[in-house]
Structures are given as C-alpha cells and as structure tokens.
Amino acid sequence: MPKIYSDEFKKDAVAMVAAGSTQKKVCQDLGVSKTALQSWVNDDRFRAHGLTPTRDPDERREMTAALRRIRELEMENEVLRRAAAYLSQAHITPPK
C-alpha cells in the first residue's frame, strides 16, 4: 500500500531540492522513494509554468516537451539580450 504524504511535506521536500540538496540526499533524509520525489519536483515545475500536473503519461510527455521548449526559448532570449547589449555598447565612443 503506497504511503500518502501531505501537501506540506511534498512542498518541503521540493524546497529542499530547490535549495541545492541532491535528490538522493533528500530521499535518504525524508525516507521517500526517488520516483516519488522526482514526480513532486516535476509537478512543481509544471505549476511554476502555469501547467496543471496530470497522471496521464501522454499528457505528461507533452508537458515535459513544452517545458523543454520553454527552457530553450528562455536561453535563446538571454543570448539575444546579451548580444544586443554588447552590440549597443560597441558604438559608444568614450568621452574625451
């Protein structure tokens, strides 16, 4: 029979991972399985991007792909932002 954890317990476990602890260490400290913790972390990532977590495998795959694409687009935006900042500074001449 699977254990049932409170939402607060799950949030605390996810917060520990977000604070920099490894998933393995959190699992050992709290006595939870690695798959349960991974599921909680993934659900938190979905919620952070406005997606509703689900247990349907096809939908989870689509949501994971969407998160991957969001991450790629965020990195591309950061590269473009830095390039624009660098190029705008190239045309500024120092005062004499």
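The values are calculated or read from the model by the stated rules, or taken from the named source; none is laboratory data. These figures come from a predicted structure and were not determined experimentally. Note that we place each Cβ from the backbone using ideal geometry, even for glycine, and neighbour counts take in every protein chain shown. Keep in mind that these areas ignore ligands, DNA and RNA; they rest on the heavy atoms of the full protein, side chains included. Shrake-Rupley method; radii C 1.70, N 1.55, O 1.52, S 1.80 Å.
Does the range 64-80 hold any residues that are among the aliphatic types (A, V, I, L, M) and either open to solvent by 100 Å² or more (accessible area, probe 1.4 Å) or touching a residue at least 60 places away in the same chain (Cβ under 8 Å) (or both), and which are they?
Met75, Leu80
Just checking, how many residues over the range 17-40 are within 18 Å of Pro2 (Cβ to Cβ) and surrounded by 10 or more Cβ atoms within 10 Å (Cβ to Cβ)?
Number of matching residues: 10.
Given the condition assigned to a helix (DSSP H, G or I) and in contact with a His (Cβ under 7 Å, 6 or more places away or on another chain), answer yes or no: does some residue in the range 9-30 qualify?
no
Please state which of the following conditions Arg61 fails to meet, knowing it meets all the rest: (1) open to solvent by less than 60 Å² (accessible area, probe 1.4 Å); (2) part of a helix (DSSP H, G or I).
Condition not satisfied by Arg61: (1).
For the subset of the range 41-58 comprising residues that are part of a loop (DSSP other than H, G, I, E, B) and not small (Gly, Ala, Ser), which member is most open to solvent (accessible area, probe 1.4 Å)?
Within the range 41-58, the match that is most open to solvent (accessible area, probe 1.4 Å) is Arg55.
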